[in-house]
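Undergrad: Attaching a single structure in structure tokens format; questions to follow.
Values quoted throughout were computed directly from the atomic coordinates according to the rules given, and no laboratory measurement underlies them. Remember, it's a predicted structure, so these values are computed and weren't measured experimentally. Because the Cβ atoms are built from the backbone with ideal geometry, glycine has one as well, and the counts that use them run over all protein chains shown.
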Amino acid sequence: MRAACYHRYGGPEVLQVEDVDLTQPGTGEVLLRIEAAVVSATDAIMRRGRPWPARMAMGLIRPGKPILGTEFCGTVEAVGSKVERFIKGDRLVGASGDSFGAHAQFILQKEDGVLAQIPPAVSPAEMLAISEGALTALPFLRDGGSIRRGMQVLVIGASGSVGTAAVQLAEHFGAVVTGVCSAGNAELVKSLGASHVIDYRSEDFTKGSERYDIIFDTVGSSSFPQARKVLKPGGVYLTTMLSLPILLQMLFSSRSRGQRAKILFAGMREPKLRAKDLRYICDLAAKGELRPVIDSRYPLNEIRRAHGHVDGGHKVGSVILELH
Ligand SMILES: NC(=O)c1ccc[n+]([C@@H]2O[C@H](COP(=O)([O-])OP(=O)(O)OC[C@H]3O[C@@H](n4cnc5c(N)ncnc54)[C@H](OP(=O)(O)O)[C@@H]3O)[C@@H](O)[C@H]2O)c1
């Protein structure tokens with residue numbers, strides 16, 4: 001099979017399309033023919049090997065997992081013995097988590113991994129784009145923020161893949177949503193459910209008069225000390241971006257009943273919980289309550305261009321890599 005591989009950290013030029021052996025499914029495994037996968041901001045970080053936590057996951061000197069990509073959609077090509085939940089031909093969406101490997105034409109997954117049937121009303125690429133951000137935004141808002149109806153929620157990076165999902169999910173949970181994005185993306189963010197939009201290029205959200213129950217920074221462009229100025233007493237600051245300060249702020253604020261800071265690692269949760277979330281996300285997509293935001297699509301042989309675009313930090317929703 002063909003796959004996008006890398007063997008050293010660096011810019012998009014370290015990626016190349018190679019022939020890789022295809023392994024047949026073993027006991028409890030399914031082999032998926034991948035139709036499309038996402039090229040995410042996390043893939044770009046793992047390719048660069050920067051910031052430093054990337055190397056804790058991938059290898060200190062060189063990457064130990066040559067194929068990037070975690071979210072994918074495709075069709076079951078073959079099943080191993082004792083597989084009961086899926087049959088050949090099933091259309092699935094999935095996430096391989098820290099084993100990566102989705103930027104390839106085929107992937108092996110455990111049948112009890114993070115896999116779900118794609119609802120008939122949604123196309124595979126649309127379901128893929130919806131799942132990319134929602135698999136992160138859902139645990140952040142629901143578990144990290146204990147989101148409830150009527151809460152005021154601020155989503156920073158509201159036009160990215162996590163942000164577009166966070167705006168839609170917060171609205172689904174009955175919150176009043178403010179999105180922070182640039183002026184060009186304001187209409188999109190409003191159409192996803194934000195009642196208000198703040199243009200980060202001309203306004204500073206920490207200087208506004210509104211107070212929030214949850215501030216969810218999906219792109220790591222703010223800090224807890226700044227954001228707490230507009231956080232309600234007892235409010236929660238959530239960030240996707242790992243840093244030493246956020247770990248210390250989380251430790252110290254967790255002991256207080258006041259404002260708290262939290263980081264979650266959505267991709268490292270138990271596969272059973274993530275699979276349950278993925279089924280829930282598929283149900284919402286089937287009902288039309290979550291819609292896809294697709295930035296662009298690239299064929300496998302343009303993997304470097306896809307990474308270069310993600311590196312720019314301005315994609316709107318998901319970048320899709322087409323594999324078949
Ligand atoms: N902790 C976890 O569990 C977890 C899970 C998944 C992802 N992540 C991390 O989460 C981060 C975000 O992922 P993503 O895929 O959502 O990113 P993304 O799609 O690449 O985000 C790009 C978007 O962010 C906007 N943006 C950039 N700077 C901004 C700013 N200062 N204020 C507001 N918006 C800004 C851009 O809009 P403009 O073009 O208008 O600037 C663009 O639309 C990544 O670093 C990823 O590694 C963490």
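Undergrad: Name the aspartates and glutamates eligible as straight-distance cross-link partners of LYS315: C-alpha to C-alpha under 20 Å, and not fewer than 8 places from it in the same chain.
TA: Counting by Cα, and skipping residues close in sequence, LYS315 has these aspartates and glutamates nearby: GLU13, ASP43, GLU71, GLU126, GLU132, GLU187, ASP199, ASP217, ASP295, GLU302.
Undergrad: Mind checking the full-extension length gain between HIS172 and ARG2? Use 0.36 nm per residue of separation minus the Cα-Cα distance, one decimal, nm.
TA: Details: separation 170, 0.36 × 170 = 61.20 nm, distance 3.94 nm.
Residue separation times 0.36 nm, minus the Cα-Cα distance, leaves 57.3 nm.
Undergrad: Something else about it: Apply the Karplus parameterisation 6.51 cos²θ - 1.76 cosθ + 1.60, with θ equal to phi minus 60°, to every residue of the stretch 296-313 and state each ³J(HN,Hα) to the nearest whole Hz, in sequence, with x for glycine and proline.
TA: Per residue, the Karplus-derived 3J(HN,Hα) values read 6, 10, 10, x, 4, 6, 10, 4, 5, 5, 4, 5, x, 5, 5, 4, x, x Hz.
Undergrad: Kindly put THR27, THR239 in sequence by how many other C-beta atoms sit within 10 Å of each C-beta, fewest to most. Walk me through the numbers before you get to the answer.
TA: Numbers: THR27 10, THR239 27.
Final ranking by Cβ density, sparse to dense: THR27, THR239.
Undergrad: Helix 271-286 versus the longest principal axis of the chain: what angle, 0 to 90°, nearest 10, using Cα atoms?
TA: 80 degrees
Undergrad: Can you give the Kirkwood hydrodynamic radius for the chain, in Å, rounded to one decimal and based on Cα pairs? Intermediate results must be reported in sequence, preceding the final value.
TA: Working: mean 1/r = 0.0499 Å⁻¹.
Hydrodynamic radius (Kirkwood, Cα pairs) of the chain is 20.0 Å.
Undergrad: Got a sec? How would MET127, MET58 order by Cβ neighbour count within 10 Å, fewest to most?
TA: Values: MET127 27, MET58 21.
Listed from fewest to most nearby Cβ atoms, that is MET58, MET127.
Undergrad: Of the trypsin sites (Lys or Arg not before Pro) in the stretch 127-192, which ones lie in a loop per DSSP and count no more than 13 other C-beta atoms within 10 Å?
TA: Values: sites: ARG142, ARG148, ARG149, LYS190; in loops: ARG148, ARG149.
Of the trypsin sites (Lys or Arg not before Pro), the ones in loops of the stretch 127-192 whose Cβ has at most 13 other Cβ atoms within 10 Å are ARG148, ARG149.
Undergrad: Run a plain Debye calculation on the stretch 134-266 (Cα atoms as equal point scatterers, no solvent) and give log10 I(q)/I(0) at q = 0.15, 0.20 Å⁻¹, rounded to two decimals, same order as the q list.
TA: -0.60, -1.12
Undergrad: Check which residues have an amide H placed less than 5 Å from GLU35's amide H, if you skip close sequence neighbours.
TA: For GLU35, the qualifying residues are CYS73, GLY74, THR75.
Undergrad: Reported to two decimal places, what Rg/Rh ratio describes the stretch 205-324 when computed on Cα atoms with Rh from the Kirkwood expression?
TA: Working: Rg = 18.1 Å, Rh = 17.3 Å.
Computed over Cα atoms, the ratio is 1.05.
Undergrad: Note the full-extension length gain between GLU289 and ARG142 as 0.36 nm times their separation in residues minus their Cα-Cα distance, in nm to one decimal. Spell out each step's value before the answer.
TA: On the way: separation 147, 0.36 × 147 = 52.92 nm, distance 1.64 nm.
Working it through step by step, the gained length comes to 51.3 nm.
Undergrad: Can you work out ³J(HN,Hα) from phi for every residue in the stretch 44-49, in order, using Karplus 6.51 cos²θ - 1.76 cosθ + 1.60 and θ = phi - 60°, giving whole Hz and x for Gly and Pro?
TA: 5, 5, 5, 5, 6, x
Undergrad: Right, another one. Mind listing the long-range amide H neighbours of TYR298? Cut-off is under 5 Å, sequence gap 5 or more, other chains count too, H placed in the peptide plane at 1.01 Å from N.
TA: ILE320, LEU321, GLU322
Undergrad: Still on this structure, I have one more. Please give the calculated 222 nm ellipticity per residue for the chain, where each DSSP H segment of at least 4 residues contributes -39500 (n - 2.57) and the sum is spread over every residue; nearest 500 deg cm²/dmol?
TA: On the way: 9 runs with 87 residues, N = 324.
Calculated from helices alone, the mean residue ellipticity at 222 nm is -8000 deg cm²/dmol.
Undergrad: Which pairs break 24 Å Cα to Cα here: LYS82/LYS287; LYS82/LYS272; LYS88/LYS276? Don't jump to the answer; show the numbers that get you there.
TA: Numbers: LYS82/LYS287 33 Å; LYS82/LYS272 18 Å; LYS88/LYS276 22 Å.
In this structure, LYS82/LYS287 lie more than 24 Å apart at Cα.
Undergrad: Let me ask something additional. Count the lysine pairs in the stretch 134-266 whose Cα atoms lie under 20 Å apart, taking only pairs 8 or more positions apart in sequence or on different chains. Working shown, then result.
TA: Working: LYS207/LYS229; LYS207/LYS232; LYS229/LYS262; LYS232/LYS262.
Qualifying lysine pairs in the stretch 134-266: 4.
Undergrad: A follow-up question, please. When a/c is below 1.5 the answer is rounded, else prolate if a/b is larger than b/c, else oblate, so apply that to the stretch 80-190 with a ≥ b ≥ c taken from the square roots of the Cα gyration tensor eigenvalues.
TA: Values: a/c = 2.45, a/b = 2.02, b/c = 1.21.
In terms of gyration-tensor shape, prolate.
Undergrad: Would you mind finding the longest exposed-site-free stretch of the chain, with exposed GluC sites (Glu not before Pro) meaning DSSP loop and at most 16 other Cβ atoms within 10 Å? Provide the component values of the computation, followed by the final result.
TA: Details: sites that count: GLU84, GLU203, GLU210, GLU289.
Counting only loop sites that pass the neighbour cut-off, the longest clear stretch is 85-202.
Undergrad: Of the DSSP beta bridges with both residues in the chain, give the percent that are antiparallel, rounding to the nearest 5. Write down the numbers at each step before the final one.
TA: Numbers: 30 of 58 bridges.
Expressed as a percentage, antiparallel bridges in the chain total about 50.
Undergrad: Shifting gears a bit: So, in nm, how far is label ILE61 from label GLU210 when the simple model puts each one 7 Å beyond its Cα toward the Cβ?
TA: With each label placed 7 Å out from Cα toward Cβ, I get 5.1 nm.
Undergrad: For the stretch 177-191, take each phi angle, set θ = phi - 60°, evaluate the Karplus expression 6.51 cos²θ - 1.76 cosθ + 1.60, and give the result in whole Hz per residue in order, putting x for glycine and proline.
TA: Coupling constants for the stretch 177-191: 9, 10, x, 9, 7, 8, 4, x, 9, 4, 5, 4, 5, 5, 5 Hz.
Undergrad: For ARG149 paired with SER195, estimate the spin-label separation in nm (one decimal), with each label point 7 Å from Cα along the Cα-to-Cβ line.
TA: Once both label points are built, they end up 1.4 nm from each other.
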